[in-house]
Each structure stands twice: as C-alpha cells, then as structure tokens.
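Step one of this worksheet: look at the structure below.
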Protein chains: 2
Amino acid sequence: MQKINIALCGTGNVGSSFIDLILQSKEKIKSNYNVELNLNLIGSRKGKINNSDFKGKIETDILKVPMSNEVDIIVELIGGTEISYELAKLSLKNDKHFVTANKSLIAEKGQELFKLASDRNLHIGFEASVGGGIPILRTIRDGLISSKINWFKGILNGTSNYILSKMYLEKQTYEDALKSAQKLGFAEPDPSLDINGTDAAQKTAILSFLSFSGKISPRDIFFDGIKHIEPIDMEYGKELGYVIKPISIGFNEEEKLLLGSFPAFIQQDEIIANVNFETNVIEVNSKNTNSTAFQGPGAGGYPTSSSVMNDILDIANGKVFDYSNLMRKIEVNNFDEFITKRYLRLMVKDESGVVAEISKLIAEKDLSIDNLIQKEKNKTEDIIPIVIMLGECKESLVSLLINELENLNQVKGSIQHIRFIE
Amino acid sequence: MQKINIALCGTGNVGSSFIDLILQSKEKIKSNYNVELNLNLIGSRKGKINNSDFKGKIETDILKVPMSNEVDIIVELIGGTEISYELAKLSLKNDKHFVTANKSLIAEKGQELFKLASDRNLHIGFEASVGGGIPILRTIRDGLISSKINWFKGILNGTSNYILSKMYLEKQTYEDALKSAQKLGFAEPDPSLDINGTDAAQKTAILSFLSFSGKISPRDIFFDGIKHIEPIDMEYGKELGYVIKPISIGFNEEEKLLLGSFPAFIQQDEIIANVNFETNVIEVNSKNTNSTAFQGPGAGGYPTSSSVMNDILDIANGKVFDYSNLMRKIEVNNFDEFITKRYLRLMVKDESGVVAEISKLIAEKDLSIDNLIQKEKNKTEDIIPIVIMLGECKESLVSLLINELENLNQVKGSIQHIRFIE
C-alpha cells in the first residue's frame, strides 16, 4: 500500500472543508485505490484548526511547510498571488508536488510553475481553479486529448450569474441581488473581481491554455463586467428570445483565438441560457466528440475540495501530465476583430428626425440594422429608449459608431452595447 | 518512455474510428503523457481493414488475440455477450488489461470479470459503455469518490430521445421519427433493444453499481419502452408544463435503491427536459457537490473511441481502480414500492356518469386527484380522452387501480400510465 503524505496551507472555508473531506474519505480511498492519504501537516497562521480529528502538526510560518521532510504533496488553499506564489516555488524547489484551487496563481504564474515542475519531474494539480466541483479541466485534458477543440463557451463566475438570474427571473434590483448573493456566501464582501469580470477572465485564460495548448496570458482575454446591465435590456432581449448571461468564450478559428468574458445575449433554448443562479456551466465543442456540456457548483468548500482530492489521487496514482508541453505559441486575435451581432440601446431626446440621424450614421458605416425598436411614447418622459440590433459586424467598427452616436445632441448618456453569442 | 502494446478486436463503425484515433493522436499522447501507444494487432474476422496507416498484424481468429505475447491491453469493440465474454475472460487469464465499450457485457458479467481482474492485478476500462463520449463513469468514480451519491437521473438512450424529440418538437409520427433515426445512424435496423428500454436499463445497472458501490444486476432495473407514448400525451403534458423524456433513475433512499428506465414526465425547466435528439445527459446529486450534470453524444464512432482512449491512458499511466471493491450487498426496492405522481389517460365512451364512476374507484383507494381534464366534446366522436393526474402514490396501488378502471364498461382499450419524475 502506497502512503502519500499531504500538507495543507490555508484553513479558510475551502481549507476546512478539505480537512474534513480527506479525513472522512481516507478509508474508502484506501480500499478502492490502494493508496493511503495522510494529512500530516497544516500551515495556518492562526496556529489552530477546528477539526479534532486532525492529529498532525500545525505550522504557523506557512513558507516553512515546503521544507518538511515528511510531505509529498502540498495543497495551497490560500488564494491570491503573493504568498501562494512563493509557496508554489518553494514546494517545487523542495521536490513536493503542488495542488491548488487558485485561479489567479495559475493564470498569472502557471507557465513558470509548469516549467519548474516539468524540470523536476513533479506535478501540479489545479482542477479546482476553474468550475469548482465540475471536473472540467481533467475532461479537457484527458477526454479530449485525442481531439482538437474548436471552441468553448460557458458561465465561469457564479456571483455574476447569480445576480443576473435574480434580476431576470425574480425582477430584483442589482443592489438587492448582490446583497442576497453576499448573504448566501455567493459573493465576497468586496465583490469587485467577480462583478467586473476579472475572475472569469482568469478562468478563461486557464481554459484557453488547456483547450488550445497555447501560451495564454490573462491579458489576452477581453473582459467586461455586469454592472451596466439594466432590467430594461433584459426585457428587450426577452421579447426577441434572448437571455443575458455572463459568458466566457474561447473560439479557435484557423489557429487564431478569440477569447473573452463579458455579459452577452444568448438564445433562450441554448444550454447555457438555462443555467441559473450560482451554477457554472462549460460547453466544449471538439472535432471528435462534438458538443459536450458540464454544469455544477462553481464554488463552495466541498465541491472545490472534491476537485482538489481528485488531483491528489491522480498524483498518488502516478497519472502524470506535463503541462509545460502545452506552451506553443498561438496567435490571439485582438478583440477589435470580433465579429458578431450587437444590441445597442440609446436614450434619446424624443424629437422628430432622431431616428433618421441615427440610421444615417449606421448606414454610413455600411452596417445593417436587423431590428429597430422604439416603443410607444410615455407622454410624461421626453427621454426615451431606442433599441437597435445590428447585423454581424466588427468590434472596432461598432466602437467608432458608438462614439459618433454618443456625440449626437439628441443622445443622452452612454450607449448600452451588448454582444450576441450564437 | 513507456511503450504500451494494444490489440483491437472488432472493426465495425466504432472499431474503425478507434483505429483512426489512436494512430492520429499517437504523437500528441507521447509528448503530453510520456507514453507510446502502439496498436500492433487487430482481430478481424474479415481479415482486412480499411486503414492504410495501420502497420501491425491482423488475426482472423479473434479468440487467438489474447494469446499474443506482444500485447498489454486488449480493446473489445465487438458488442454482445458471447464472443466478447470469452474474449474478456481469455484476456484476463492471459494477463492482459481489458477495455470495452460493451454495456451488455459489463452489466451482465461485470462482477465476475472485476473479480478475475482484481485477483490478477489487472484493470478493466468501460467508460465508453455508458454515455458514449461523456466521461461520466470516471467522474462518478473519481470525482465523487469522496462523496456519497444521493441520486442520479438522465437520458441514457439516444435513439429513444431522438424519436421522442422528433415527435414533440417537430410533430413527427413515431414511425417517421424512427425512420429518420435509422437513416442518420441513431437507430439500428432492428431498434428493439433501444426502443423497449433494455439498453438504458443495462446502462442504469452500470451507473447504479458505480454510484452506490453495490452489487446490481440488470434484472434489478425496472424498465419500459417508449412505443406506447402518443402525441396526445405530449400535448396534455405540455399544457401542464411537462415534457416526456426517456429517463433513467437511481435513487438511494436510506440505503434502499430505487432503479428504473422508462418514459416519464419532467418539468420543462429541468436540465434534462432541454436535452434533445440523440444527446445523452446524466445529472448526479451527491452529498458534497450537490447537482452536477453532463451532456454530450451518447454514441457514435469517435465519441465512443475517445472514451476508450481515456481508459487506455489511465491504464498506461498506472491509474488503478479495483472495481471488485464496489460489490457490497445493497437492497434494491421492488419497483412496486415506487411513490410518485402519475398521469393516466383513459379513452372512454362519452356517457353521463363516467367521470363519477372513475372518481369513485380512485376515491376507494384513497388516492387524490390533482387534476382531471376532459376536453370539450368533438361531436363526431363518441370515444373521448379523460386525463387524470394522481397525487403521489405507490406503483402497486396504481397497477390495481388501472386494472379496475380497464374493467369498466365505458373504458376502451388500455390505459396510458406515465410517471412523473421530480
């Protein structure tokens, strides 16, 4: 029977669930996999943990954990890219395998760490960094190893999906939806990295790197947050058969990638449109298996720990994968090149001739209008919405158009621009 | 670099795709996994194959393949339980690992084969036997190893889902839908095992065995086919917000299992309700990760081969799992005990008092009627449908009731009974 010694660093929500899970499942793993997983060291600045079943040592100086001679795998559940980055390097340099749930660390420092691990014949596990409890990374890595991936699309940020779902399905305001997400633990006290798209962009970088076997930096990912989405946009979309979701995409078009994370309209009958609240979903299309979709909890202590356990089992079982091989150079298109249909909502002063002026600017750019909606006027208001659906057109051209439209005297405030994802 | 020699038996649609896939992906696997997969022997009764890239030997006597000294893993893509069963035993007895896509073989003979493999420290891979290209078995096995599974439900038979989808979404007749499925290769020339529920029941047995770690025989699975489903039932369901799908279920209620594969009504907004045509889906609910759902192609040469490749990679990488450990005794409830809501459609002679008589029989059994629909009469017909939705009640009691109702003079033909799955 093989015995693997494990050290955990980080004892927050996920860390505590992990301790519970590994102690709980020890016997089952022993009999099914013929491996004994022994949690014998915990790095915790507080110096104590809330689990009386843990019988190992506690180390308050986290960066001393990798120096232990009694550890084979180090599990990092701290987050951020500061101490976790030091910990990762020290772990590998001290010949320990490294498992993490940290998307920022992998997105920002993955390439360096994979190289370091490969040179020393060590393994890095990061299944929990994308999609929490959904085993998406291993599925892309193994399941699709024998197939070329054409594209993926998905919802990678539970907080944003929760808020937009509450607004759409329960007519809540953005503020109330956020408060409810915070109350339930689906949003941090400071939710900005979730809301502004940073979190989803980091996950998109990791998915892209695996899916397209290429060097991808989080800076290659165009991203936009959900804060500017208003109920009125949801209503207009609904009439046309679309739902707004916080979508992440990776398209490989003839070896040029198009990558992004932003709120977008998708058709009501698509898989992704029906995945609500905090649930995540990833749909992957590959040459040999067509479309496969995976949905489940994208965060949370036990789902995340479950993915961490999988990585540990892979390493314990000797299932090795050298991620440093996936670092080929691949071209990432500037997002300005993105061609899709678009929704524009302008708030205009209700004067005659305004539609004509808007249409003229659009026509001058050779853009086609699929649909123009101007609702019956409410006589008490003199600022009214006009919604325009543009046919397929380039991001760069739309940016120019929006600029010109915003300069019109009759147009008030900024123009709402939402992309369609087919 | 580790070198693994592979023999393939069976060169039909899946077998041919497999040959293509393993030859195509050899280099990629070499660089990413540090394993060389060498297809060096093919068992084919015809004695020739259609792939000029294959440079190994062809053996026309399939049962001689396991005797080869130059093979580490035998891949069985023949189907059925006759020659494939012999092949499996011979492979293991000759110290070869065994990988198969054969659900009948695993459902019927799995227990014996797992024991044989365990005794000889060999591995059996059968990912492709359920859900084709969807990596569901490994997900249950690994991803959820540290968590207790409460239930699964899904669509495991693509043929049945295709036919019901065509009938529901495109108003086709059963016969036309079947013809179209056959034309597209989603149904066999003799589709009976798919249509009558046998195929889904075998897959349910395999999923149940893995999910609940217990001895399960295909005979433990209640099953029913889709042939009796009529468009009129779909229409009634639709009005109430339900869709008919070919559902497979495994519920673990306090260590008593309830297992079945049958057409059932599910709510329109459930994941499974929106998975159409030949696509399969499996939703798994576990203690630690809540609900996770996986959907994708349930059959087809390349998706199936992709799953076979995964099993080979696991074995090549030394990722071992002893399935003979999952054979604990577990109680399977008789399906007569199944409690759920039910839809009954009776064709009755349009006479006064008929509803009263029906209601009386229902009341005598202490069953509650959630809904009774009797549409306005069409004056040209004297046989009209009456639809009754019963509140939660036991299978055994409903069987009795149906018997009594069918004995009423006014009731013509047999009564349509469709279960609801929440």
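Just so you know, all these numbers are worked out from the coordinates, no wet-lab data involved. Computed from a predicted structure; not experimentally measured. Cβ: placed from backbone, ideal geometry, glycine included. Neighbour counts: every protein chain shown.
Peptide B:147-157 has a mean of 1 when you count, residue by residue, the C-beta atoms of other protein chains within 10 Å of its C-beta. Stretching residue A:374 away from residue A:337 to a fully extended chain increases their span by 10.4 nm, per 0.36 nm per residue minus the current alpha-carbon distance.
In this Cβ point-charge picture (+1 for Lys and Arg, -1 for Asp and Glu), the protein assembly as shown has a dipole of about 2080 debye about its Cα centre. Karplus-based coupling profile of the range B:217-222, in residue order and whole Hz: 10, x, 6, 7, 9, 5, with θ = phi - 60° in 6.51 cos²θ - 1.76 cosθ + 1.60 and x standing for Gly or Pro.
By how many nm would the segment from residue B:120 to residue B:414 grow when fully extended, if each residue of separation counts as 0.36 nm and the alpha-carbon distance is taken off?
100.5 nm
Return, ordered by residue number, the residues of the range B:248-275 whose backbone nitrogen is under 14 Å from a label point located 7 Å along Cα→Cβ of residue B:148. What the label zone holds, given the 14 Å backbone N cut-off, is B:252-257. For chain A, the longest principal axis of the alpha carbon atoms and the long axis of helix A:13-33 meet at an angle near 60°. Simple point charges give the picture: +1 on the Cβ of Lys and Arg, -1 on the Cβ of Asp and Glu, and for chain B a dipole about the Cα centre of about 1220 debye.
The three principal axes of the Cα atoms in the range A:2-129 give end-to-end lengths of 36, 33, 26 Å, sorted in falling order. The modelled label-to-label distance for the pair residue A:360/residue A:184, using points 7 Å beyond Cα in the direction of Cβ, is 5.0 nm.
Rounded to whole Å, the principal axis extents of the Cα atoms in chain A read 81, 44, 34, largest first. Other residues within the sphere of radius under 13 Å centred on the Cβ of residue A:49, judged by their own Cβ, net out at +2 (K and R +1, D and E -1).
Computed from point charges on the beta carbon alone (+1 for Lys and Arg, -1 for Asp and Glu), the dipole magnitude for the range A:336-420 about its Cα centre is near 260 Debye. Based on Cα contacts under 8 Å between residues 6+ apart, chain A shows a relative contact order of 16 percent. According to the Cα-based calculation, Rg over Rh for the protein assembly as shown is 0.99, with Rh computed by the Kirkwood formula. So if the hydrodynamic radius of the range B:259-399 is defined as the Kirkwood radius over C-alpha pairs, what does Stokes-Einstein give as its diffusion coefficient at 10 °C and 1.306 mPa s, in µm² per second? Result for D is 78 µm²/s.
A simple spin-label model places pseudo-atoms 7 Å from Cα toward Cβ; at residue B:63 and residue A:196 they are separated by 7.1 nm.
Placing R0 at 60 angstrom, the Cβ-Cβ distance between residue B:46 and residue A:382 gives a FRET efficiency of 0.15 after rounding to 0.05.
Between residue B:13 and residue B:227, the modelled labels are 2.1 nm apart [label points 7 Å from Cα along Cα→Cβ]. Ranked by the mean number of other Cβ atoms within 10 Å per residue, highest first, peptides A:124-130, B:161-167, B:33-39 order as A:124-130, B:161-167, B:33-39.
For the range A:373-411, list residues with backbone N below 19 Å from a point placed 7 Å from the Cα of residue A:267 toward its Cβ? Inside the label zone: A:389-393.
Given a cut-off of 19 Å, what percent of all Cα-Cα pairs of the range B:337-420 lie beyond it? Result for the distance tail: 31 percent. Between copies, residue B:86 shows label-point distances of 6.8 nm, shortest first, with the point placed 7 angstrom from Cα along Cα to C-beta. Between identical copies, the spacing of residue B:361 label points, each set 7 Å from Cα toward the C-beta atom, reads 7.1 nm from nearest to farthest.
A label point on residue B:1, set 7 Å along the Cα-to-Cβ line, lies at 3.8 nm from each of its counterparts in the other copies, closest listed first. Projecting the Cα atoms of B:198, A:68, B:126 onto the charge dipole of the protein assembly as shown, computed from C-beta unit charges around the Cα centre, puts A:68 farthest toward the positive end.
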